[in-house]
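These notes concern the structure reproduced below.
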Amino acid sequence: MKPELIVALDVPDGAAAVAAVEKLPPEVLFVKVGLELFIAEGPDVLKPIAALGKKIFLDLKLHDIPRTVERAVQAAAKYNVFMLTLHAAGGRAMLRAAAEAARAFGPAAPKLVAVTVLTSLDQSDLNDLGVQRTPAQQVLALGELAVGSGMDGLVCSAQEVGAMRQKLGPLPLLVTPGIRLPSDAVGDQKRVATPASAVRDGASFLVVGRPILEAADPVAAARAVLADMQKA
Ligand code: C5P
């Protein structure tokens with residue numbers, strides 16, 4: 001599968017989401033709906049976005065007991081979302097229950113991708129949680145747990161994606177945020193990679209928000225990211 005761009009709809013309400021999607025070029029096939037938009041508007045927000053022809057990555061980072069996550073995956077699959085996130089830290093039984101729930105939807109099942117360690121956490125945060133591994137060790141350990149428990153892939157930073165691809169082989173989907181063109185403002189992203197370098201390192205999907213949504217010309221900005229991906 002060729003690497004794809006996902007535009008993050010980090011906007012507060014449905015009207016802003018639809019306006020943002022309408023500004024994207026037709027080559028952008030995937031958009032991400034996260035907690036802010038989904039909680040503000042509820043699942044109805046997904047309908048106009050799907051009606052504009054975009055596939056939806058629902059980034060809700062599920063983390064609960066296995067039965068609850070199993071039911072939540074079933075509910076999300078009924079919205080025909082393309083991909084859904086969970087926390088690997090929910091553990092093996094939760095991940096397996098989620099994978100089982102998705103499998104029942106056959107070819108229409110959402111891809112399940114696991115978050116390992118939030119990039120907002122550092123060593124001292126992990127220590128507070130009783131984790132003695134380094135963040136890099138914990139990312140790899142939870143990544144292997146998630147893929148070994150039936151996840152289709154992982155969310156991983158541009159810093160992690162190369163090591164993950166080497167460790168996990170060609171099959172798992174690797175979804176990578178923190179992407180910037182050399183000409184972009186970095187914003188609050190601390191460690192960024194260009195689209196071409198993330199693709200070279202093995203990313204399957206690049207998640208890009210502000211550099212496209214806040215651009216004076218979002219069509220040109222999206223096309224610049226797609227063009228850079230082609231250089232990989
Ligand atoms: O605007 P920007 O391109 O930085 O947006 C990136 C998207 O990826 C946002 O939706 C953000 O929440 C998400 N993300 C991230 N860094 C992570 C994990 C997720 O930027 N480590």
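The values are calculated or read from the model by the stated rules, or taken from the named source; none is laboratory data. Quick caveat, the model's predicted, so the values are computed rather than measured. Using ideal geometry, Cβ is built from the backbone for each residue, glycine included, and neighbour counts are taken over all protein chains shown. Quick note on the areas: whole protein, heavy atoms, side chains included, nothing else; ligands and nucleic acids left out. Shrake-Rupley method; radii C 1.70, N 1.55, O 1.52, S 1.80 Å.
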Can you tell me which residue in the range 197-217 is farthest from the ligand (Cβ to nearest atom), limited to those that are in contact (Cβ under 8 Å) with a residue 12 or more places away in the chain and surrounded by fewer than 19 Cβ atoms within 10 Å (Cβ to Cβ)? Arg200
Flag for Ile56 being under 19 Å from Leu154 (Cα atoms) and surrounded by 15 or more Cβ atoms within 10 Å (Cβ to Cβ): yes
Listed by first then second residue, the pairs whose first member lies in the range 181-192 and is free of Cβ contacts under 8 Å to residues at least 24 places away in the same chain, whose partner is open to solvent by less than 100 Å² (accessible area, probe 1.4 Å) and more than 8 Å from the ligand (Cβ to nearest atom), with beta carbons under 8 Å and at least 6 positions apart or on separate chains, are Pro182/Thr194; Val186/Val192
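With respect to Pro170, is the statement that it is open to solvent by 40 Å² or more (accessible area, probe 1.4 Å) and either within 22 Å of Glu27 (Cβ to Cβ) or within 15 Å of the chain's Cα centre (by Cα) (or both) true?
No: the conditions fail for Pro170.
Those residues that are open to solvent by 20 Å² or more (accessible area, probe 1.4 Å) and modelled with pLDDT of 95 or more, I need them from the range 175-196; list them, please.
Residues satisfying the conditions are Pro177, Thr194.
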Suppose the filter is open to solvent by 80 Å² or more (accessible area, probe 1.4 Å) and among the hydrophobic types (A, V, I, L, M, F, W, C); does Leu129 pass it? yes
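Of everything in the range 24-45, what is open to solvent by 90 Å² or more (accessible area, probe 1.4 Å) and either in contact with a Pro (Cβ under 7 Å, 6 or more places away or on another chain) or of a type in the set (A, V, I, L, M) (or both)? Give them in sequence order.
Pass one, the range 24-45, residues open to solvent by 90 Å² or more (accessible area, probe 1.4 Å): 26, 36, 39, 44.
Listed by number, the residues that qualify are Glu36, Ile39.
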When you look at Val225, is it surrounded by 15 or more Cβ atoms within 10 Å (Cβ to Cβ), touching a helix residue (DSSP H, G or I) at 6+ places or on another chain (Cβ under 7 Å) and closer than 29 Å to Ser149 by Cα, yes or no? no
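Conditions (1) open to solvent by less than 40 Å² (accessible area, probe 1.4 Å); (2) within 30 Å of Gln137 (Cα to Cα); (3) in contact (Cβ under 8 Å) with a residue 12 or more places away in the chain, marked per residue:
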| position | (1), (2), (3) |
| --- | --- |
| Pro3 | no, yes, yes |
| Ala15 | no, no, no |
| Glu22 | no, no, yes |
| Lys47 | no, no, no |
| Ala51 | no, no, no |
| Asp64 | no, yes, yes |
| Glu70 | no, yes, yes |
| Gln74 | no, no, yes |
